[in-house]
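The numbers here are math on the coordinates, done by the rules we state, and not lab data. Everything quoted here is computed from the prediction, not taken from an experiment. Virtual Cβ from ideal backbone geometry, glycine too; neighbours counted across all protein chains shown.
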Amino acid sequence: MTRPPAPRTLADELRARSDARLAELLRARADLLSPLPGDLSQLATRAGTRTSVLRALERLDTFTLRVAEALAVAHQPCPAPALAALLPGGEERLPLALGTLRDRALLWGRDDALRLVRTAQELLAPGPARPSPTGLGPTLAETAAGISPSRIQELLAGAGLPPTHDPVSALAALTGLFADRDRLTALLDQAPEAARAVLDQLTWGPPYG
């Protein structure tokens, strides 16, 4: 059987849904019915508005919200295995959480190319001028924005990574390290006690420092 083409937008994914699944979405997010959308493109647009997305995020259970948070800081499209690596201990619950996000039109795309809707990314991914209500810190790219190229190369060397020719590839190398749980754990095990104390403060306190 020929596999159907991958959706290119949330509207594409909604068009592929059965009437029963569309009805399930409207039951879960009743605000999408006021006023009644004229077609599925309008429904997709309304599902991505800030007010509606905020309301939908507020109704998620704790773990499903964690999954959305992880997607907000992951490189997208994000394969499900890469997302699972960001959620240690949650592998068994991940399929159900992804199903909930997808059913509520907060997530679209196949499991090998997951995409959180843009408004949810903006709400959940933090920045220095816009702290996330979920407590996440800034992304690596945001953190590195004010760091000189030479300092980034020093960070690479400190992490045991080879030098690169430009900041973009350097950030890609660091991102790969941070996404690899085993490599990152081994690196943290070698960190001085003072560095671990700072990381603990950033973990349990405000994620800026």
Checked pairs for segment 18-32, first under 15 Å from G48 (Cα atoms) and in contact (Cβ under 8 Å) with a residue 24 or more places away in the chain, second among the polar types (S, T, N, Q) and surrounded by 10 or more Cβ atoms within 10 Å (Cβ to Cβ), C-beta under 6 Å and 6 or more apart or across chains, list as D31/S52
Here the qualifying pairs (Cβ atoms under 7 Å; residues six or more apart or on different chains; first in segment 155-169 and on the phi < 0 side of the Ramachandran plot; second surrounded by 15 or more Cβ atoms within 10 Å (Cβ to Cβ) and among the β-branched types (V, I, T)) come out as L156/T164; P167/I152
Residues in segment 33-57 that are crowded, with 16+ Cβ neighbours inside 10 Å and either of a type in the set (V, I, T) or part of a loop (DSSP other than H, G, I, E, B) (or both) total 3
If we scan segment 158-172, do we find a residue that is closer than 20 Å to P81 by Cβ and either of a type in the set (V, I, T) or assigned to a loop (DSSP other than H, G, I, E, B) (or both)? no
**Report entry** Verdict on R29 being touching a Lys or Arg at 6+ places or on another chain (Cβ under 8 Å) and of a type outside the set (A, V, I, L, M)
**Finding:** yes
Exactly one of A16, A30 is exposed (fewer than 14 other Cβ atoms within 10 Å of the Cβ), more than 21 Å from L123 (Cβ to Cβ) and of a type in the set (A, V, I, L, M), and that residue is A16
In segment 51-69, anything of a type outside the set (G, A, S) and under 20 Å from G90 (Cβ atoms) is listed as L57, R59, L60, D61, T62, F63, T64, L65, R66, V67, E69
Given (1) surrounded by fewer than 20 Cβ atoms within 10 Å (Cβ to Cβ); (2) of a type outside the set (G, A, S); (3) under 18 Å from A44 (Cα atoms), L114 misses just (1)
